[in-house]
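Here the structure is laid out as structure tokens; the discussion comes afterwards.
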Amino acid sequence: MNRIPRQVFMLVIPALLFLVPWWLLVFTTTSGAVCWALSALFVLGYIGLPLAMFTGHGPKQSDTAALIGDTALGVMWVLFSWSVIGTVVRTGLIIAGVDDPARSRIVALGVLAISAVLTVWGIYEARRIPRVKTVEVTIPKLAPGLDGLRMVVITDTHYAATDRLRWSERVVEIVNEQRPDIACHAGDLADGSVVKRRAQVDPLGKVQAELGRFYITGNHEYFGDAAGWIDHMAGLGWQPMHNQHEVLTRDGDRLVMAGIDDPTGVSLPGHGPNLPAALSGADPDLPVILLAHQPKQITDAVKAGVALQISGHTHGGQIWPFRYLVRLDQPVVAGLSRHGDTQLYTSRGTGFWGPQLRVFAPSEITVLILRSPKS
């Protein structure tokens with residue numbers, strides 16, 4: 001029974017991605033041999049995309065197939081999205097009395113031009129060094145000695161088939177330039193095994209933070225080698241926060257730094273989020289900063305009286321308009337938000353997953369400056 005929905009998904013989603021652009025760009029604008037030739041290309045794409053995705057991300061884990069499939073997926077998502085918009089525009093032109101073939105050609109050329117520009121720009125945005133985003137957050141119980149504490153957050157680096165060693169080294173340089181007191185990686189470190197991806201991850205060992213470097217698992221670790229990545233990050237000097245906390249002290253004042261597993265961790269014995277265990281023994285009078293990969297984990301954070309939760313996972317939607325689908329699953333897509341007495345910061349992510357595109361969802365390295373209300 002579990003295989004049927006997956007098979008349907010693998011067929012229906014690509015069908016939608018190819019059908020709408022085919023109708024708008026081929027069926028309405030061409031005829032005869034040209035129509036048949038272009039239609040054949042769309043059919044090949046429809047067959048090839050799921051095949052490349054399965055070969056790249058399935059049991060074989062072919063990096064070449066993953067690159068081809070991911071790139072095709074991103075391009076087709078952009079083309080599909082703007083074809084939907086183009087269909088609406090085409091309807092408007094019909095109402096305005098614009099006849100074919102001008103109507104269909106105008107819309108098709110517009111969709112192709114916008115899609116091409118956004119694809120090129122999206123690739124640049126995904127592969128560039130992330131911009132630094134600085135946000136001040138007032139923490140009610142934060143003592144004056146901790147005022148101005150600098151937390152540098154990276155998340156969703158997704159080291160994968162694309163070799164981003166130099167990118168990784170540059171990200172570490174930028175992180176260190178921010179003079180972090182605390183460095184955090186909020187999950188989705190890499191896609192694949194430690195053996196295949198460690199070279200891209202190893203520069204993180206050079207991150208410098210006086211009060212500590214903390215790492216939690218995201219959902220993608222549990223699609224691969226979560227236990228291996230936990231051990232590897234520990235070997236690089238990062239503290240994996242596997243449902244646990246640490247008390248950090250500066251100038252005699254203290255706060256609690258905690259972290260919990262991603263919900264997908266329940267698939268691995270001994271894993272899965274357990275906030276009560278993470279906070280067991282913590283002084284209730286101290287403010288709690290919690291690393292939790294998914295924003296929707298805020299529900300438990302509010303109940304536990306956490307001051308600030310730091311999350312990633314959403315990528316800010318990564319390729320517009322996917323953010324609106326993300327919002328169906330998560331309470332927040334990006335930025336600082338308040339949930340009762342608990343604040344949540346959701347990063348758009350430092351890297352990218354799958355398609356090497358970011359459209360209207362720029363990556364970020366986040367500097368959270370903690371402020372005491374008494375300062």
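Taking the condition acidic (Asp, Glu), surrounded by fewer than 18 Cβ atoms within 10 Å (Cβ to Cβ) and either under 23 Å from GLN309 (Cβ atoms) or free of Cβ contacts under 8 Å to residues at least 60 places away in the same chain (or both), does ASP262 pass? Here the answer is no, as ASP262 does not meet what is asked.
Would you confirm whether or not the stretch 194-204 contains a residue that is within 30 Å of GLY58 (Cβ to Cβ), open to solvent by less than 20 Å² (accessible area, probe 1.4 Å) and assigned to a strand (DSSP E or B)? Looking for residues that are within 30 Å of GLY58 (Cβ to Cβ), open to solvent by less than 20 Å² (accessible area, probe 1.4 Å) and assigned to a strand (DSSP E or B), one finds none in the stretch 194-204, hence no. Looking across the stretch 75-110, the residues that are at pLDDT below 95 and either of a type in the set (S, T, N, Q) or closer than 17 Å to TYR46 by Cβ (or both) come down to THR91, SER104. Those helices (runs of 4 or more DSSP H) of the stretch 266-335 in which 3 or more residues are farther than 25 Å from VAL137 by Cα occupy 323-329. Of everything in the stretch 138-190, what is closer than 27 Å to GLN294 by Cβ, in contact with a strand residue (DSSP E or B) (Cβ under 9 Å, 6 or more places away or on another chain), small (Gly, Ala, Ser) and part of a loop (DSSP other than H, G, I, E, B)? Give them in sequence order. ALA160, ALA186, GLY187 - these are the residues of the stretch 138-190 that are closer than 27 Å to GLN294 by Cβ, in contact with a strand residue (DSSP E or B) (Cβ under 9 Å, 6 or more places away or on another chain), small (Gly, Ala, Ser) and part of a loop (DSSP other than H, G, I, E, B). In this structure, ALA307 does not satisfy being modelled with pLDDT of 95 or more, open to solvent by less than 50 Å² (accessible area, probe 1.4 Å), closer than 18 Å to ASN243 by Cβ and not acidic (Asp, Glu).
Of the numbered criteria (1) open to solvent by 20 Å² or more (accessible area, probe 1.4 Å); (2) at pLDDT below 95; (3) touching a helix residue (DSSP H, G or I) at 6+ places or on another chain (Cβ under 6 Å), the one ALA66 fails is (1).
The single residue among LEU142, LEU146, LEU109, LEU118 that is free of Cβ contacts under 8 Å to residues at least 12 places away in the same chain and either over 18 Å from the mean Cα position of the chain (by Cα) or over 30 Å from LEU255 (Cα atoms) (or both) turns out to be LEU109. Residues that are small (Gly, Ala, Ser), closer than 21 Å to GLU246 by Cα, in contact with a Ser or Thr (Cβ under 9 Å, 6 or more places away or on another chain) and at pLDDT 95 or above do occur in the stretch 172-188. When the criteria are applied in full, HIS242 meets the requirement of being in a loop (DSSP other than H, G, I, E, B), of a type outside the set (Ser, Thr, Tyr) and in contact (Cβ under 8 Å) with a residue 24 or more places away in the chain. As for the stretch 27-38, it holds at least one residue that is farther than 24 Å from LEU118 by Cβ, out of contact with any Leu (no Cβ under 6 Å at 6 or more places or on another chain) and open to solvent by less than 50 Å² (accessible area, probe 1.4 Å).
The values are calculated or read from the model by the stated rules, or taken from the named source; none is laboratory data. Predicted model only: the values in this text are computed from it and were never measured. Methodologically, a virtual Cβ is constructed for each residue, glycine included, from the backbone with ideal geometry; neighbour enumeration extends over all protein chains shown. The accessibility values were calculated without ligands, DNA or RNA, using every heavy atom of the protein model including side chains. Shrake-Rupley method; radii C 1.70, N 1.55, O 1.52, S 1.80 Å.
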